[in-house]
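J.: The structure under discussion is supplied below as structure tokens; questions concerning it will follow.
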Amino acid sequence: MEKKEKHIDRTKLVISIRDLHKSFGTNHVLRGIDLDVYQGENVVVLGRSGTGKSVLIKIIAGLLKPDKGSVNVLGNEVTAISYSGLEQLRLRIGFSFQSSALYDSMTVRENLEFPLLRNSKHLSRKQVTEAVEKALEAVGLSQTINQWPAELSGGQRKRIGIARTLIMQPAIMLYDEPTAGLDPITSMEINELINEVQQLFNTSSIIITHDLTCAKETGDRMAVLLDGQFVQEGSFEDVFASGDERLKSFYDYNFIT
Amino acid sequence: MHDASMKLKQKQPRRYIFTQKLDTFFFDVYAFGQFVARFFRALLLPPYEFKEIIRQCYMIGVKSLSLITLTGFITGIVFTKQSRPSLSDFGATSWLPSLVAIAIIRALAPLVTGLITAGKVGSNIGAELGSMKVTEQIDAMEVSATNPFKFLVVTRVIATTCMVPLLMLYMALLALLGAFVNVHSNEQTSFISFIENGFHNISFLDIFSSLLKSIVFGFTIGIVSCYQGYNTTQGTQGVGRAANTSVVLAMFLIFIEEIIIVQITNWFRP
Ligand SMILES: Nc1ncnc2c1ncn2[C@@H]1O[C@H](COP(=O)(O)OP(=O)(O)OP(=O)(O)O)[C@@H](O)[C@H]1O
Ligand SMILES: [Mg+2]
């Protein structure tokens, strides 16, 4: 933990969200979110299912439009940016989806090549192949290069999904429930991968999870989302030492001592 | 849950302009109209996805070729066979090639090709885009800075619009071949006289209107199934529904367009 702390640059904000609101019809999901993420920091967003965690990071990546509030990512106001500006910004954001979202109609190699071939047209064939192999190596799945997504396990798909975003060397990583539905050992591997990514590329990350082990292993700071607002913020120990009643059920469920 | 929803309803009584169903219908039509407008805007603005368009054209061709070949040939044979008795009652079997050619080129080829492609390609596009939508693949494309509307929708609509006319011509050819096989084996007509006889009454307007029809059909199939797929909700169930609705709606619209275009071309007939 301390070793990682050194990487965090508290003077440099990469994501800054103020008073963010989002509703779907009568369903008021996010009700005034404030969140800062500093350079090199891993922020974990904890919260129960359906509290709007995915909605939050989709707004950060510009996939959903907020109703109100400001979202500043790497110095760009996401709500006011042009489409081409947003595309430029997205090249610096890696998004690991809850469902991995690998392209079914493409092999693992093609999945990884896709963002490169489309956005870095100056690269030679050889450089593309090298980048793909390097990214696969980083997630420890070199042998799957010619397989189809349907042939992979859930954990492998998650890791390929992460590799596909790493290939663009993003400044920010957004992980949507990286360990959901995985066994403890695979979860551990994913946690380690998240930390490695952070150390290797000095990325800043938002990690959404309801897995407390994952939160503890990967997070420098926790933020607990409840009823559309952050109710607790701080280090893992602080948040769970607070004895907040609303977090108790969470705590019990995860069997952490 | 039931209580909660009841409370919600009481708190904010939903008002409808007409009835709930009618409102939803008009909203759907409006949303579809916007989708079409978005298509034309995206069509005109670069970047253009030429490579993907070619790939989609190829896929559509490959997917429907065998079915079109079979249906075309059989349609030709069957239609000729069924028409013979009514003509032979008047001793007019020599008109058979001409009758069959008119039927095939004016009506059968565009309509049958349209319906077959709607079934084969429309359901495919609906299901493919639908599953990409519900598994967040479209979002993934968007965050990797590729405009999914251009890459997935525009390419497919262009491909169907280009390929249906080609498939229609191909089908007309095969149906005529089927008709010739049947006429030849019954009346021993030679190929030359079959063609001469058959094309005697075919005008430029006939071919033009059939091409126009198939272009419209192709566009309809592409845009309807892309709309359904791209707006899929509610998980895997929604994917099935998207595929299904694509086909039903495309076929329905094809029939309506057929009627309209036939009416319009009839005004131009001498
Ligand atoms: N595109 C959408 N249209 C309508 N409602 C939506 C949409 N996306 C999310 N919602 C609603 O927003 C709420 C929060 O959804 P979200 O996916 O962010 O939850 P989550 O916190 O990520 O939960 P989980 O842990 O299950 O992934 C849910 O009630 C959901 O129904
Ligand atoms: Mg979620």
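J.: For chain A, find the longest principal axis of its Cα atoms and tell me its angle to the long axis of helix A:108-119, 0 to 90°, nearest 10.
T.: So the inclination is approximately 90 degrees.
J.: With only alpha-carbon pairs counted, each pair once and no self-pairs, how large is the Kirkwood hydrodynamic radius of the range B:184-270 in angstroms?
T.: 16.0
J.: Where in the range B:143-170 does the label zone of B:Ile54 land, with the point 7 angstrom along Cα→C-beta and an amide N cut-off under 20 Å?
T.: B:150-164, B:166-167
J.: Evaluate Rg over Rh across the range B:33-105, taking Cα atoms for both radii and Kirkwood's formula for Rh.
T.: For the range B:33-105, the value is 1.31.
J.: Percent relative contact order of chain A, based on C-alpha pairs within less than 8 angstrom and at least six residues apart?
T.: Across chain A, relative contact order equals 25 percent.
J.: Of B:Leu108, B:Leu70, B:Leu173, which has the largest mean-square fluctuation in a 10 Å C-alpha GNM of chain B?
T.: Looking only at B:Leu108, B:Leu70, B:Leu173, the largest GNM fluctuation is found for B:Leu70.
J.: So what's Rg/Rh here for chain B, counting alpha carbon atoms and using the Kirkwood radius for Rh?
T.: Result: Rg/Rh = 1.10.
J.: Here's a follow-up. Work out, step by step, the length gained on full extension between A:Leu200 and A:Lys68: first 0.36 nm times the residue separation, then minus their alpha carbon distance; give nm to one decimal.
T.: 44.0 nm
J.: How much space per residue, in cubic angstrom, does the convex hull of the C-alpha atoms of the range A:112-241 take up?
T.: Output value, Cα hull per residue: 128 Å³.
J.: For the range A:141-205, report the % of Cα-Cα distances exceeding 16 Å.
T.: So the pairs more than 16 Å apart make up 45 percent of the total in the range A:141-205.
J.: Separate question: Can you tell me what share of the DSSP beta bridges in chain A is antiparallel? A percent to the nearest 5 is fine.
T.: In chain A, approximately 55 percent of DSSP beta bridges are antiparallel ones.
J.: Still on this model: Bin width 10 Å, alpha-carbon pairs only: give the P(r) of the range B:59-181 as whole percents, running from 0 to the bin holding the largest distance.
T.: 13, 34, 23, 15, 10, 4, 1
J.: Moving to a separate point now. For A:Ser49 and A:Trp148, what is the calculated FRET efficiency with R₀ set at 35 Å and r taken between the beta-carbons, to the nearest 0.05?
T.: 0.70
J.: While we're here: Pairwise over distinct Cα atoms, reciprocal of the mean inverse distance: report the Kirkwood radius of the range A:9-255 in Å, one decimal place.
T.: Averaging 1/r across every pair of different Cα atoms and inverting gives 18.6 Å.
J.: With angles folded into 0 to 90 degrees, how steeply does helix A:184-201 sit against the dominant principal axis of chain A? Use alpha carbons for both and round to 10.
T.: In chain A, helix A:184-201 runs at an angle near 80 degrees to the longest axis.
J.: Let me ask something else. Amide H neighbours of A:Arg221 under 5 Å, at least 5 residues apart or on other chains, H built in the peptide plane: list them.
T.: A:Asn42, A:Val44
J.: Calculate, in nm to one decimal, what B:Ser66 and B:Ala37 gain on full extension: separation in residues at 0.36 nm each, minus their alpha carbon distance.
T.: So the extension gain works out to 7.1 nm.
J.: Show me the helices of chain B, taken as full DSSP H stretches, that run 15 Å or more along their long axis by Cα and average 1.0 or above in Kyte-Doolittle hydropathy.
T.: Counting only whole DSSP H runs, the qualifying helices are B:155-187, B:204-230, B:235-268.
J.: Okay, next question. For the range B:121-250, what D do you get in µm² per second when you plug the Kirkwood radius from alpha-carbon pairs into Stokes-Einstein at 10 °C and 1.306 mPa s?
T.: Answer, rounded: 94 µm²/s.
J.: What full-extension length gain, to one decimal in nm, is calculated for B:Thr233 and B:Phe204 as 0.36 nm per residue of separation minus the Cα-Cα distance?
T.: 5.9 nm
J.: Still on this structure: Only Cα pairs under 8 Å and at least 6 apart count here; give the relative contact order of the range B:50-268 as a rounded whole percent.
T.: Relative contact order, the range B:50-268: 36 percent.
J.: Tell me the mean residue ellipticity at 222 nm calculated for chain A from its helices only (DSSP H runs of n ≥ 4, each -39500 (n - 2.57), averaged over every residue, nearest 500).
T.: -11500 deg cm²/dmol
J.: Rg to Rh for the protein assembly as shown: what is it, with Cα atoms only and Rh by Kirkwood?
T.: 1.10
J.: Hey, another quick one. Quick one: A:Met106, B:Met171, fewest Cβ neighbours within 10 Å first, how do they rank?
T.: A:Met106, B:Met171
J.: Further question: Across the range B:226-270, how large is the tail of the calculated P(r) beyond 13 Å, expressed as a percent of all Cα pairs?
T.: 62
J.: Still on this structure: Would you calculate the separation in nanometres between label points at B:Phe255 and A:Asp19, each defined as 7 Å from the Cα along the Cα-to-beta-carbon direction?
T.: Simple spin-label model gives 5.6 nm for this pair.
J.: Collect residues whose amide H, placed 1.01 Å from N in the peptide plane, falls under 5 Å from the amide H of A:Gln229; neighbours closer than 5 in sequence don't count.
T.: HN-HN under 5 Å from A:Gln229: A:Arg31.
Rule-based calculations on the coordinates, nothing more; no lab input. Quick caveat: nothing in here was measured; it's all calculated off a predicted structure. A quick note on method: Cβ atoms are made from the backbone with ideal geometry, for glycine too, and the neighbour counts reach across all protein chains shown.
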